[in-house]
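Engineer: I have a structure here, written as structure tokens, and I will follow up with some questions on it.
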């Protein structure tokens, strides 16, 4: 696996206007969902992540509305605990990893309506495109070394030492896993401390994801927000 970062100028993300909404404190919530409503403006979404929340649509009485989630327990991947199997190490040779060279294509792959349990609505996709343009959201892409096509990838939100993974997809075997390996390397080398994966699925657990309590996650989040953004994620 080789790594390439194109168009990298190390700029500080642009802070959008502050949100007009006030979120509940997540430690007071009795369920994974803390609130519903508000909007998907850049300032609103960033304020949510800084409080330990993330947006995901839910079905309401009048259709879909935005829910603000704080799972308990929360899935995280310890940056020193990634599990890389022998077969996955072999797969790494088939891909070149790049950052932020095909964000729209990665987002489209993650939002593919044909995928099971899809949740990325056009409104959500547009919101993350805005955050990407401001320098807060990043894609990590695995490109096939055979034909230089996008084989898979992931995207997420980077604030200080936090990377909040939102979604990943693959078109070829292990491509999204290889992107994740590169992301962990970037975060470790850049001094980040927290990789949030929301919930622990069997897939993520096989890669080293673990569950922590909501209170423990919020403690780690406070610490992560005090760290600088890794240089390789500065657009």
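Here, each number is a calculation from the coordinates, and none is a lab measurement. Note that the structure is predicted; figures quoted are calculated from it, not measured. When we count neighbours, we look across all protein chains shown, and the Cβ atoms used for this are built from the backbone with ideal geometry, even at glycine.
Engineer: Over the chain, what number does the Rg to Rh ratio reach, with both radii from the alpha-carbon atoms and Rh per Kirkwood?
Structural biologist: A ratio of 0.94.
Engineer: Per-residue ellipticity at 222 nm for the chain, helices alone: DSSP H runs ≥ 4 residues times -39500 (n - 2.57), over residue total, nearest 500 deg cm²/dmol?
Structural biologist: After summing the helix terms and dividing by residue count, I get -8500 deg cm²/dmol.
Engineer: Just to be sure I understand the model, the point goes 7 Å from the Cα along the line to the Cβ. What's the resulting residue 211 to residue 125 distance in nm?
Structural biologist: For the pair residue 211/residue 125, the computed spacing is 3.3 nm.
Engineer: Could I ask something else about it? What does the highest-first list of 161-171, 139-149, 215-225, 175-185 look like by mean Cβ count within 10 Å?
Structural biologist: The packing order, highest mean first, is 175-185, 161-171, 139-149, 215-225.
Engineer: Turning to a different aspect of this structure: For region 147-184 and region 192-217, what is the separation of their Cα centres, given in Å?
Structural biologist: About 15 Å separates the Cα centre of region 147-184 from the one of region 192-217.
Engineer: Further, regarding this structure: Over the chain, what is the relative contact order in percent, taking alpha-carbon pairs closer than 8 angstrom and at least six residues apart?
Structural biologist: Across the chain, relative contact order equals 27 percent.
Engineer: Could I ask something else about it? So, by mean Cβ neighbours within 10 angstrom, what's the order for 21-30, 86-95 with the highest one leading?
Structural biologist: With the highest mean Cβ count within 10 Å placed first, the list reads 86-95, 21-30.
Engineer: Which order do peptides 31-38, 100-107 fall in by mean Cβ count within 10 Å, highest first?
Structural biologist: Most protected by this proxy first, the peptides run 100-107, 31-38.
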